[in-house]
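The values are calculated or read from the model by the stated rules, or taken from the named source; none is laboratory data. Because the structure is predicted, anything quoted here is derived from the model rather than measured. Virtual Cβ from ideal backbone geometry, glycine too; neighbours counted across all protein chains shown. Please note that ligands, DNA and RNA were not included when accessible areas were found on the heavy atoms of the full protein model with its side chains. Shrake-Rupley method; radii C 1.70, N 1.55, O 1.52, S 1.80 Å.
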Amino acid sequence: MAPKTQSHPYFITTQSSNPNYPLFVFLPGMDETGKELIYIQTAGLEAAFDVRCFVIPPDDLTSWDEMTEKVISLTKIELEKTPRRHVYLCGESFGGCLALKVLEKFPQLFTKIILINSASSFHRVPWLNLGSLLFPYTPQIFYKISSFLSLPFLANLSRIPPTASLALSKSTSSAPQETANQRLSLMRDFDIDENKLSQITQPVLLIGSRNGRLLPSEAEAQYLSNIFPNHQIITLPHSGHACLVERDVNLYQLLLSANFTVA
């Protein structure tokens, strides 16, 4: 029997494609190995953008550097199809960390940058670091239970419609335990070159939820604002960590409110 071939990260197009619009590269959170949640999070962006979403397959165990190179190469492939257009880079949660890694290596590729509840503070939160170290020793049955119990920490459930709640629940339990452990390890070891990032002059929009129970997202937006000289901050006063699936939060509307849709 032939050995199983490992999957690799790839782009999907969630809405109708329009090469006349700016390219919008969306890097989702660590649990989004499926696609249902990504479709919800990016709904509406097709009004002004040609959206590509980065999907990390459940069996993918690549490093930060490998994921970074993949995002850059996929983006360049899209630009070869339609050159000389603006490119937006948007990272949410785990994807915010990946976006920062991408910007360290290839900032000139992107016109504008959006970071939403960036999980870049993970390694500075002691209880999360301890939990990630103990995670490999969690029995499989407790791993499945903990995925369900983590939902109130990921989101303000009272603000999420049933369809989004189901997609979020499926997303948090979709990755195998080995994959979840590897992603947590990446978060624990995450670091950035702040001096290099501070040289970025493109506009950066920082979005942080005030009611997130998982990470100090509002404080992290303030922390990142000290790195990027050309930034705006949007605070979502009632939102949880998974803000983009809440019924009153729409990413496209947030970009409009910040005048962030015209390059």
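Could you grab me the full set of residues in the range 204-232 that are touching a Phe, Trp or Tyr at 6+ places or on another chain (Cβ under 6 Å) and open to solvent by 50 Å² or more (accessible area, probe 1.4 Å)?
Arg213
I'd like the full set of residues that are free of Cβ contacts under 8 Å to residues at least 60 places away in the same chain and either farther than 14 Å from Ile116 by Cβ or in a helix (DSSP H, G or I) (or both), limited to the range 238-258.
Leu254, Leu256, Ser257
Gly29 versus (1) modelled with pLDDT of 90 or more; (2) open to solvent by less than 20 Å² (accessible area, probe 1.4 Å); (3) of a type outside the set (A, V, I, L, M, F, W, C); (4) within 16 Å of Leu244 (Cβ to Cβ): which is the lone unmet condition?
It fails just one condition, (1).
Go over the candidates Thr201, Thr235, Thr261 one by one and state the one that is of a type in the set (Ser, Thr, Tyr), in a loop (DSSP other than H, G, I, E, B) and open to solvent by less than 60 Å² (accessible area, probe 1.4 Å). Give the derivation first.
On the way: Thr201 fails: open to solvent by less than 60 Å² (accessible area, probe 1.4 Å); Thr235 fails: in a loop (DSSP other than H, G, I, E, B).
Result: Thr261 is the single residue among Thr201, Thr235, Thr261 that is of a type in the set (Ser, Thr, Tyr), in a loop (DSSP other than H, G, I, E, B) and open to solvent by less than 60 Å² (accessible area, probe 1.4 Å).
Could you check how many residues of the range 82-105 are open to solvent by 20 Å² or more (accessible area, probe 1.4 Å), at pLDDT 90 or above, over 19 Å from Leu186 (Cβ atoms) and not hydroxyl-bearing (Ser, Thr, Tyr)?
Count: 2.
For Ser147, state whether it is modelled with pLDDT under 90, part of a helix (DSSP H, G or I), among the small types (Gly, Ala, Ser) and within 22 Å of Arg247 (Cα to Cα).
Details: modelled with pLDDT under 90: yes; part of a helix (DSSP H, G or I): yes; among the small types (Gly, Ala, Ser): yes; within 22 Å of Arg247 (Cα to Cα): no.
Here the answer is no, as Ser147 does not meet what is asked.
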